[in-house]
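Asker: Before we start, here is the structure in question, set down as structure tokens.
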Amino acid sequence: MSQYKIDAEVVLRLASGRWDEILSNLAPSLKQAIERAPRHCECPIHGGSDGFRFFRDFKHTGQCICNTCGAFDGLHILMKVNGWNFFTALKAVSEFLNAPEGIEPTSRIETIDGKVLFIGISTLRNGSQCFCVKLRADNGQNRSCWGRDLQRACSVAGIKVGDNARISRLGTKNISYKGKEFRKVLWSAQKTASDTKLALQARMVEEESTRREVSIVSKWEKADIVNLNCPQQTPLLTYLKNRRIFPASSDILHNCRFIADEPYFDQQRKLVGRFPCMICAVRDTTGELVTLHRTYLTPTGQKIGFGPAKKLLPVPAGRTINGAAISFGTLAKDGILCLAEGIETALSVQKATGYPCMACVSAQGLVNTKLPTGTKVVFIFADNDFSETGQRAAERLRGRLLSEGIPSVIFLPGKDVLTISAKGTDWNDVLRQYGEKGFPFHRASSV
């Protein structure tokens, strides 16, 4: 295959829906995580006990995330765990899928999803015969596809009349025959779910989505609004106090609430117990509630010492956490907004600078953050990770904001900040060691 150029778009299109097979075969170290998906397990990159997981629909994209190492798609997790570069990973996936070789890199993939009405040899207008597949596309139109390579693709896929199928025209490649050059059209064919199965899947997705949405809204509405003088909320208030976070008023915590006895389930969905819990509302730019972030605490205000202490509730179908965040404070007329990864970091930044700060939940969340209307300047308070995940995410965000015409500045904790976690340092570490004077500015100052 090295004599040909590999079209990444072609390979990734073919890989969609098969990343469980691909990763299991090409990266055996990921098998445990694949079998446990979407539950947490040991990270195959850096170790740890339970910071890594594949997303529920990872078969389509290979997407996974580690609390320390960041988020990956299928190709990039292969690169990470196997020490491969991009081309090596792409070549391995292409060979595993037996992807057609020699497709011109500029070829545009054309895909039709529909029900097969006819499959076999048909006569062209000029009288010659050629293999043909006729489909009723999902948009209701009848479409016909022709080609000798299409016959091979349909035979491999086992497609017959009445099946639902996805037919993709991948592009062309040059071939030589008896001293002459020809262009050959290459095809991909895939049998898709039957009508009965599709209806069942749609109903199950709708029911699960409704259950998730009801759970999120109900839990948020039943949770207690933070009261800085309430003895019953001592675990939460102590947790913040231990991090030197002293909100000026409860209004700053309008997206934060308290539950005294939130159930905690382990990776086998067994109830471990009920614990005090800080829950935070993850919202999109319209203010709509997307999901809830939970931090499980002990009665004395520490994070629980087992399992992942921080969890997100599953997101309903049709919603996404990409671009969503947890906001602390309100954007003023000056349009200055601060961004950070974690909740504690964002609260530290808001307290120390006086400006509103959004917690983007993760490094990948920082990259994808969507800014509220009226944002004029962004200060990015990045984590100083040993893995450089936080730093790279901040740079990617800054590049994106620059292309959108929004000025931004990245701030990193100094090298003099003592390391508290194995991940690196963040701005809550700065607040705990140096107080507000460790931050670059305050709202009362000239910025």
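Asker: Is it true that L236 is crowded, with 17+ Cβ neighbours inside 10 Å and either touching a Leu at 6+ places or on another chain (Cβ under 8 Å) or not in a strand (DSSP E or B) (or both)? Outline the logic, then answer.
Answerer: On the way: crowded, with 17+ Cβ neighbours inside 10 Å: yes; either touching a Leu at 6+ places or on another chain (Cβ under 8 Å) or not in a strand (DSSP E or B) (or both): yes.
Taking the combined requirement at face value, the residue satisfies it.
Asker: Related question: Would you mention how many residues in the stretch 243-255 are exposed (fewer than 14 other Cβ atoms within 10 Å of the Cβ), in contact (Cβ under 8 Å) with a residue 12 or more places away in the chain and not aromatic (F, W, Y)?
Answerer: Looking only at the stretch 243-255, we keep the residues that are exposed (fewer than 14 other Cβ atoms within 10 Å of the Cβ), and these are 246, 248-249, 251.
Checking the rest, the ones that are also in contact (Cβ under 8 Å) with a residue 12 or more places away in the chain come to 246, 248-249.
Keeping just the survivors that are not aromatic (F, W, Y) gives 248-249.
Of the residues in the stretch 243-255, 2 are exposed (fewer than 14 other Cβ atoms within 10 Å of the Cβ), in contact (Cβ under 8 Å) with a residue 12 or more places away in the chain and not aromatic (F, W, Y).
Asker: From the set of residues in the stretch 418-440 that are without any contact (Cβ under 8 Å) to a residue 60 or more places away in the chain and outside any loop (DSSP other than H, G, I, E, B), which is surrounded by the fewest Cβ atoms within 10 Å (Cβ to Cβ)?
Answerer: Once the filter is applied, the top-ranked residue is K437.
Asker: Please verify whether V133 is of a type in the set (A, V, I, L, M, F, W, C), without any contact (Cβ under 8 Å) to a residue 60 or more places away in the chain and touching a Ser or Thr at 6+ places or on another chain (Cβ under 9 Å), treating the condition exactly as stated.
Answerer: Details: of a type in the set (A, V, I, L, M, F, W, C): yes; without any contact (Cβ under 8 Å) to a residue 60 or more places away in the chain: yes; touching a Ser or Thr at 6+ places or on another chain (Cβ under 9 Å): yes.
Here the answer is yes, as V133 does meet what is asked.
Asker: Continuing with the same structure: Looking at A359, A394, which is the one that is touching a strand residue (DSSP E or B) at 6+ places or on another chain (Cβ under 6 Å) and closer than 25 Å to S250 by Cα?
Answerer: On the way: A394 fails: closer than 25 Å to S250 by Cα.
The unique qualifying residue is A359.
Asker: Quick one: which strands (runs of 3 or more DSSP E) lie wholly within the stretch 317-417 and hold at least 2 residues that are over 20 Å from the mean Cα position of the chain (by Cα)?
Answerer: Details: elements: 326-328, 336-340, 357-359, 377-381, 408-411.
Answer list for the stretch 317-417: 336-340, 377-381, 408-411.
Asker: To continue, here is another question. Any idea which of L200, L236, L228 is touching a Pro at 6+ places or on another chain (Cβ under 8 Å), among the hydrophobic types (A, V, I, L, M, F, W, C), farther than 30 Å from L124 by Cβ and without any contact (Cβ under 8 Å) to a residue 24 or more places away in the chain?
Answerer: On inspection, the qualifying residue turns out to be L228.
Asker: Considering every residue within the stretch 340-359, establish whether at least one is among the hydroxyl-bearing types (S, T, Y) and surrounded by fewer than 20 Cβ atoms within 10 Å (Cβ to Cβ).
Answerer: Going through the stretch 340-359, the residues among the hydroxyl-bearing types (S, T, Y) turn out to be 345, 348, 353, 355.
With surrounded by fewer than 20 Cβ atoms within 10 Å (Cβ to Cβ) added as a condition, the list becomes none.
The answer is no; no qualifying residue exists.
Asker: Any chance you could count how many residues in the stretch 376-397 are buried (at least 19 other Cβ atoms within 10 Å of the Cβ) and either of a type in the set (V, I, T) or touching a Leu at 6+ places or on another chain (Cβ under 9 Å) (or both)?
Answerer: Final tally of qualifying residues: 12.
Asker: Something else now. Can you name the residue in the stretch 141-162 that is at pLDDT below 90 and within 26 Å of L198 (Cα to Cα) and, of all such residues, is surrounded by the most Cβ atoms within 10 Å (Cβ to Cβ)?
Answerer: A153
Asker: When you go through (1) more than 21 Å from T389 (Cα to Cα); (2) outside any loop (DSSP other than H, G, I, E, B) one by one for R39, which number turns out not to apply?
Answerer: The single condition R39 does not satisfy is (2).
Asker: I'd like the residue in the stretch 195-211 that is surrounded by 12 or more Cβ atoms within 10 Å (Cβ to Cβ) and over 18 Å from P314 (Cα atoms) and, out of all such residues, is modelled with the lowest pLDDT.
Answerer: The selected residue is L198.
Asker: Looking at this structure, is S348 in contact (Cβ under 8 Å) with a residue 12 or more places away in the chain and either out of contact with any Cys (no Cβ under 9 Å at 6 or more places or on another chain) or among the charged types (D, E, K, R) (or both)?
Answerer: no
Asker: Among the residues of the stretch 70-128, how many are at pLDDT below 85, assigned to a helix (DSSP H, G or I) and not hydrophobic (A, V, I, L, M, F, W, C)?
Answerer: Result for the stretch 70-128: 5.
The values are calculated or read from the model by the stated rules, or taken from the named source; none is laboratory data. Being a predicted model, the structure only gives us computed values, none of them experimental. Heads up, the Cβs are rebuilt from the backbone with ideal geometry, glycines too, and the neighbour counts pull from every protein chain shown.
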